[in-house]
Amino acid sequence: MAKQQEDNVKRIQELESTNLARDEIRDEVIETKLKIQHDNELLAKKNHETLKKHGIKSFDIVGAIGAGKTALLERVCEEISSRYKILVICGDITTRVDANRIEEHGAETIQINTGRECALNAYHVYQIISNKELKDYDVIFIENVGNLICPSDFILGTDKRITIVSVTEGEWVIEKHPMLFKMSDIAVINKIDLTGRLGTNLEKMIQDAKKLNPDIQVIPTSAKTRENLEILIKALGL
């Protein structure tokens, strides 16, 4: 094979990111990552035990920026706030925009600004629940930082993880971001009121999620029209 052709092959070869590390530090990179995940899992387990002890139902909401996480939480809180005492923990790089929005719909909110961190972790949640009177709450929602990559590294200790995407992200979004769907209990495909206009293949998205995780429950929704909102609330056991 000609040298130029060999270089082209190397350039386009798909690699796991850890394989990009230099040989002499690769093992250290992997070991460090595994230690962080292990420590996070231990704390997540403690979070879960604490929340269950207080009879609190808890949910981790993940999804890309613009998928409609906040809008769906607004609608859900509107529907259930008369029956449950709700705390919503909002994760964002900066601002309190989402927390302020949700707070108008019958829930107490706490904002965590992560700065350069691209996801919430179990320690963030531990700090909140360690400093709140948990007897005051029935349900806790955690709206993670908006992306479909980083949250897969950190479980938080909730009862269920819900991954939200929308038809505006394109019909390949689930296939291109498999990890979160493999580790989620519910997949929400939002903004289905735009499906006809965009021409997105909604059925492909549904089947992609089920192919990645046969046990996942897939719920197409529209925060705007409230379509299937009651199905989502029922899936949450609320």
Inset, instruction - Please give, to one decimal in nm, the separation of the simple spin-label points placed at Met183 and Lys53, each 7 Å out from Cα toward the Cβ. - result: 2.5 nm
Inset, instruction - Please tell me the relative contact order of the chain in percent, rounded to the nearest whole number, where contacts are Cα pairs under 8 Å and at least six residues apart. - result: 21 percent
Inset, instruction - Find out how many positive minus negative residues lie around Phe181, taking Lys and Arg as positive, Asp and Glu as negative, among other residues whose Cβ is under 12 Å from that of Phe181. - result: +1
Legend entry - Note, ³J(HN,Hα) from phi for the range 32-46, Karplus 6.51, -1.76, 1.60, rounded to Hz, x at Gly and Pro: 5, 4, 5, 5, 4, 5, 5, 4, 5, 5, 5, 6, 4, 4, 5
Legend entry - Inter-site label distance for Ile149 and Lys46 at 7 Å from Cα along Cβ, in nm: 3.0 nm
Legend entry - Stretch gain in nm, segment Ile65-Arg116, where the contour uses 0.36 nm per residue and the Cα spacing is subtracted: 16.8 nm
Legend entry - Two-decimal Rg to Rh for the chain - Kirkwood Rh, Cα set: 1.02
Inset, instruction - Could you work out the local net charge near Ile56, counting Lys and Arg as +1, Asp and Glu as -1, over the other residues with Cβ closer than 15 Å to its Cβ? - result: +2
Inset, instruction - For the range 67-140, go through all pairs of different Cα atoms, get the mean of 1/r, take its inverse, and jot down that Kirkwood value in Å. - result: 12.8 Å
Inset, instruction - Report the Cys residues of the chain lacking a disulfide-compatible partner, meaning no second Cys Cβ under 4.7 Å from their Cβ. - result: Cys77, Cys90
Inset, instruction - Compute the length gained on full extension between Lys211 and Asn100: take 0.36 nm times their separation in residues and subtract their Cα-Cα distance, giving the result in nm to one decimal. - result: 36.3 nm
Legend entry - C-alpha long axis of helix 69-80 to longest principal axis of the chain, angle in °: 20 degrees
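Bear in mind these aren't lab numbers, they're just calculated from the coordinates by the rules spelled out. Because the structure is a prediction, the values reported are computed rather than measured. Reconstructed Cβ throughout: ideal geometry from the backbone, glycine too, with neighbour counts over all protein chains shown.
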